[in-house]
Amino acid sequence: MTEPFLGNPQETIKILQKYDFVFQKKFGQNFLIDTRVLDKIVDAAEITEDDVVLEIGPGIGTLTQYLAFRAKEVIAVEIDKTLIPILQDTLSGYDNVTILNEDILKVDINQLVEERNNGRPVKVVANLPYYITTPIIMGLFENKVPVASITVMVQKEVADRMQVGPGTKDYGALSLAVQYYAQPYIVANVPQNCFMPRPKIGSAVIRLTRHKQPPVDVEDEQLMFRLIRASFNQRRKTLANGLKNYSGLDYSKEAIEKAIASCGFSPTVRGEALTLSEFAKLANVLKKLRD
Ligand code: SAM
């Protein structure tokens, strides 16, 4: 197997010039040009020769080379068709990579994992296109795709939002959703000069390790996530007002006030003060009121 040769400015420029590649802003194309960052991502994902890896957005195949060198198999999904001939070239030394020219948001990933790994958990590793970070990650979780872990480069601010708890300004629906499904861990902050072209914002690598069991008992997940959305929809409002004004919930004012009281919360508590287990408790109480 060929040692990875991409991941530095010289080889990247050589490939881009060979193919007259034009960066497409709309696809969030910022390619990695730092071998230390690439090693860090692959180390954090703990890739071994038993792993089947799903890579989202391989670009010119930089991270793909590092993954293919360590994994059993890599499935790389790239939307930009002009990158496909480049990938066939840069990955020609690896016989364990499948390149799919698709939009990841339109791929049935469950079916892909079924076909490629008999439905056993895969590891997702990517330097994500930032314009669709949240739909990609939430799609993997909500559609119950068998993933062992997700190790991805994201906007630094988004990584922070995924990791924090109540009482901080970054805490919100994304923090709760991610933490319901996984244990987040920020592996490294990555400066702009590690990419070509340089993004305008800072980046971070985050690893999300899927929980084997959800950390809280909730009877109706959908209801809990509706409560979470309702609470953060109107920050600075009390929880009671947030829930009363949210169109996706049809509980009466009295039912909401009763549920908040029976959870032992103050009538003036704000949604952003509640932990995941408190949201679960509230969802379970409201569910009972309906049963
Ligand atoms: N992995 C490469 C690297 O680290 O150098 C490239 C990462 S770049 C930040 C994001 C990549 O995702 C680009 O190659 C872009 O074309 C691709 N991409 C953007 N939107 C996509 C989508 N909806 N489905 C699949 N790939 C997408």
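The values are calculated or read from the model by the stated rules, or taken from the named source; none is laboratory data. Everything quoted here is computed from the prediction, not taken from an experiment. Glycine also receives a Cβ, built like all others from the backbone with ideal geometry; neighbour counts cover every protein chain displayed. Keep in mind that these areas ignore ligands, DNA and RNA; they rest on the heavy atoms of the full protein, side chains included. Shrake-Rupley method; radii C 1.70, N 1.55, O 1.52, S 1.80 Å.
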**Selection count, the stretch 26-52, where residues are under 18 Å from the mean Cα position of the chain (by Cα) and either open to solvent by 90 Å² or more (accessible area, probe 1.4 Å) or outside the structural domain of Y130 (by TED's automatic domain parsing) (or both)** = 2
**Asked** When the stretch 253-265 is examined, which residues are found to be assigned to a helix (DSSP H, G or I) and either surrounded by 13 or more Cβ atoms within 10 Å (Cβ to Cβ) or β-branched (V, I, T) (or both)?
**Response** A255, I256, E257, K258, A259, I260, A261, S262
**Asked** What is the residue count in the stretch 266-279 for residues that are among the aliphatic types (A, V, I, L, M), assigned to a helix (DSSP H, G or I) and touching a helix residue (DSSP H, G or I) at 6+ places or on another chain (Cβ under 6 Å)?
**Response** 1
**helices (runs of 4 or more DSSP H) lying entirely in the stretch 11-102 (those with 3 or more residues that are within 10 Å of the ligand (Cβ to nearest atom) and in contact with a Leu (Cβ under 9 Å, 6 or more places away or on another chain))** = 62-70
**Message:** Going through A283, A261 one at a time, which residue ends up being of a type in the set (G, A, S), over 26 Å from A182 (Cβ atoms), at pLDDT 95 or above and not assigned by TED's automatic domain parsing to the domain that holds A45?
**Reply:** A261
**Prompt:** When you scan the stretch 103-215 for helices (runs of 4 or more DSSP H) that lie fully inside it, which ones turn up with 3 or more residues that are within 13 Å of the ligand (Cβ to nearest atom) and outside the structural domain of F225 (by TED's automatic domain parsing)?
**Reply:** 133-142
